[in-house]
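Enquirer: Can you keep this structure in mind? I'll have questions shortly.
The values are calculated or read from the model by the stated rules, or taken from the named source; none is laboratory data. Small disclaimer: the values here were computed from a predicted structure and weren't measured. Cβ atoms come from the backbone with ideal geometry, glycine included; neighbour counts cover every protein chain shown. SASA here: full protein model, heavy atoms, side chains in, ligands and nucleic acids out. Shrake-Rupley method; radii C 1.70, N 1.55, O 1.52, S 1.80 Å.
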Amino acid sequence: MSPNVPPSIEQRTIAVIVDNEPGVLARVIGLFSGRGYNIESLTVTEVDPTMRLSRITIVTSGTPMVLEQIKAQLDRLVPVHGVSDLTQEGPHVDRELALVKVAGAGEKRVESLRIADVFRARVVDSSHEHFTFEISGNSSKLNAFIELMHPLGLIDVSRTGVVAIARGPKGLRRL
């Protein structure tokens, strides 16, 4: 690589299985903030109540070297049980959910409903002055929908963050 060419920035989706106990998320976030790594999306949920395990899904970006450091540092954290780079390890499914509130009347109202239909967004709340749409899909689909709603009266957006799972019979806990 030429010294004048900056290293390429990649985006990765990383899944981490951890003990479900107080302070675990703070440790994971501390690892990122303490080293200046960015978290673009973060979701957490308990996946095994019997074993008290949670799954943290993190979307982050950096150079390949930085991303390898992130995975290695996550793997060394206690109480981490497994780290999986879903982006690198093969095919995976990722989805996100958004609630998108749009105000408008007349043609703008009709156009927002037409676009929602194309994107398969559902109306989950409405009045004479607004619609709230529920839409799910990959992040680029949500971004495109939200961008199209801006000129039609976009008021507010709430997004869940990315959830992801590997395709095929292998599960994350069987690392």
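Enquirer: Does the stretch 130-139 contain any residue that is of a type in the set (Gly, Ala, Ser), within 22 Å of the chain's Cα centre (by Cα), part of a helix (DSSP H, G or I) and under 22 Å from residue 167 (Cβ atoms)? Walk me through how you get there before you give the answer.
Expert: First, pick out the residues of the stretch 130-139 that are of a type in the set (Gly, Ala, Ser): 136-137, 139.
With the extra rule that they be within 22 Å of the chain's Cα centre (by Cα), the set shrinks to 136-137, 139.
Still in the running and part of a helix (DSSP H, G or I): 139.
If we keep only those that are under 22 Å from residue 167 (Cβ atoms) as well, we get 139.
So far as the stretch 130-139 goes, yes, one or more of its residues are of a type in the set (Gly, Ala, Ser), within 22 Å of the chain's Cα centre (by Cα), part of a helix (DSSP H, G or I) and under 22 Å from residue 167 (Cβ atoms).
Enquirer: Can you run down the residue pairs with Cβ atoms below 6 Å, 6 or more apart or on separate chains, where the first is in the stretch 6-17 and in a strand (DSSP E or B) and the partner is open to solvent by 70 Å² or more (accessible area, probe 1.4 Å) and at pLDDT below 95?
Expert: Listed pairs, sorted by first residue: 17/81; 17/173.
Enquirer: Quick check on residue 8: is it loosely packed, with under 13 Cβ neighbours inside 10 Å and either of a type outside the set (Val, Ile, Thr) or within 21 Å of residue 168 (Cβ to Cβ) (or both)?
Expert: Numbers: loosely packed, with under 13 Cβ neighbours inside 10 Å: yes; either of a type outside the set (Val, Ile, Thr) or within 21 Å of residue 168 (Cβ to Cβ) (or both): yes.
In short, yes.
Enquirer: Mind counting the residues in the stretch 35-57 that are in contact with a strand residue (DSSP E or B) (Cβ under 7 Å, 6 or more places away or on another chain), under 19 Å from residue 12 (Cα atoms) and not in a strand (DSSP E or B)? Talk me through it step by step, then tell me what you get.
Expert: First, the residues of the stretch 35-57 that are in contact with a strand residue (DSSP E or B) (Cβ under 7 Å, 6 or more places away or on another chain): 37-47, 52-57.
From the residues that got through so far, the ones that are under 19 Å from residue 12 (Cα atoms) too are 37-44, 55-57.
From what's left, not in a strand (DSSP E or B): 37-38.
The qualifying residues number 2.
Enquirer: Select from the stretch 47-60 the residues that are under 20 Å from residue 94 (Cβ atoms) and out of contact with any Phe, Trp or Tyr (no Cβ under 9 Å at 6 or more places or on another chain) and write down the one among them that is surrounded by the fewest Cβ atoms within 10 Å (Cβ to Cβ). Before you say what the answer is, go through the steps one by one.
Expert: Filtering the stretch 47-60 for residues under 20 Å from residue 94 (Cβ atoms) gives 47, 54-60.
In the following step, the residues that additionally are out of contact with any Phe, Trp or Tyr (no Cβ under 9 Å at 6 or more places or on another chain) were identified as 47, 54-57, 59.
Numbers: 47: 15, 54: 19, 55: 22, 56: 20, 57: 22, 59: 22.
So, considering only residues that are under 20 Å from residue 94 (Cβ atoms) and out of contact with any Phe, Trp or Tyr (no Cβ under 9 Å at 6 or more places or on another chain), the one surrounded by the fewest Cβ atoms within 10 Å (Cβ to Cβ) is 47.
Enquirer: Being in a loop (DSSP other than H, G, I, E, B) and within 28 Å of residue 59 (Cβ to Cβ) is the filter here; which residues of the stretch 109-129 pass it? Don't jump to the end; show me each part of the working.
Expert: Step one: of the stretch 109-129, the residues in a loop (DSSP other than H, G, I, E, B) are 119-121, 127-129.
119, 120, 121, listed by residue number.
Enquirer: Still on this model: Can you tell me which residues in the stretch 151-175 are within 28 Å of residue 12 (Cα to Cα) and in a helix (DSSP H, G or I)?
Expert: Quick first cut of the stretch 151-175, residues within 28 Å of residue 12 (Cα to Cα) only: 156-175.
Hits for the stretch 151-175 are 172, 173, 174.
Enquirer: Report the residue count in the stretch 75-87 for those that are open to solvent by less than 60 Å² (accessible area, probe 1.4 Å) and more than 16 Å from the chain's Cα centre (by Cα).
Expert: Total satisfying the criteria: 5.
Enquirer: Collect the residues in the stretch 126-151 that are among the charged types (D, E, K, R) and touching a Lys or Arg at 6+ places or on another chain (Cβ under 8 Å), keeping them in residue-number order.
Expert: Initially, the stretch 126-151 is screened for residues among the charged types (D, E, K, R), giving 129, 134, 141, 147.
The one that is among the charged types (D, E, K, R) and touching a Lys or Arg at 6+ places or on another chain (Cβ under 8 Å): 134.
Enquirer: Let me spell it out: the conditions are (1) on the phi > 0 side of the Ramachandran plot; (2) open to solvent by 30 Å² or more (accessible area, probe 1.4 Å), and residue 90 meets all of them except one. Which number is the exception?
Expert: Evaluating residue 90 over (1) on the phi > 0 side of the Ramachandran plot; (2) open to solvent by 30 Å² or more (accessible area, probe 1.4 Å) leaves (2) as the failure.
Enquirer: Is it true that some residue in the stretch 29-36 is within 16 Å of the chain's Cα centre (by Cα), touching a residue at least 24 places away in the same chain (Cβ under 8 Å), surrounded by fewer than 17 Cβ atoms within 10 Å (Cβ to Cβ) and more than 29 Å from residue 169 (Cβ to Cβ)?
Expert: No: the stretch 29-36 contains no residue that is within 16 Å of the chain's Cα centre (by Cα), touching a residue at least 24 places away in the same chain (Cβ under 8 Å), surrounded by fewer than 17 Cβ atoms within 10 Å (Cβ to Cβ) and more than 29 Å from residue 169 (Cβ to Cβ).
Table: residues versus (1) under 19 Å from residue 87 (Cα atoms); (2) open to solvent by less than 60 Å² (accessible area, probe 1.4 Å); (3) touching a Leu at 6+ places or on another chain (Cβ under 7 Å); (4) among the charged types (D, E, K, R).
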site: 115; (1), (2), (3), (4): no, yes, yes, no
site: 130; (1), (2), (3), (4): no, yes, no, no
site: 134; (1), (2), (3), (4): no, yes, yes, yes
site: 139; (1), (2), (3), (4): yes, yes, no, no
site: 142; (1), (2), (3), (4): no, yes, no, no
site: 147; (1), (2), (3), (4): no, no, no, yes
site: 150; (1), (2), (3), (4): no, no, no, no
site: 154; (1), (2), (3), (4): no, yes, no, no
site: 169; (1), (2), (3), (4): yes, no, no, no
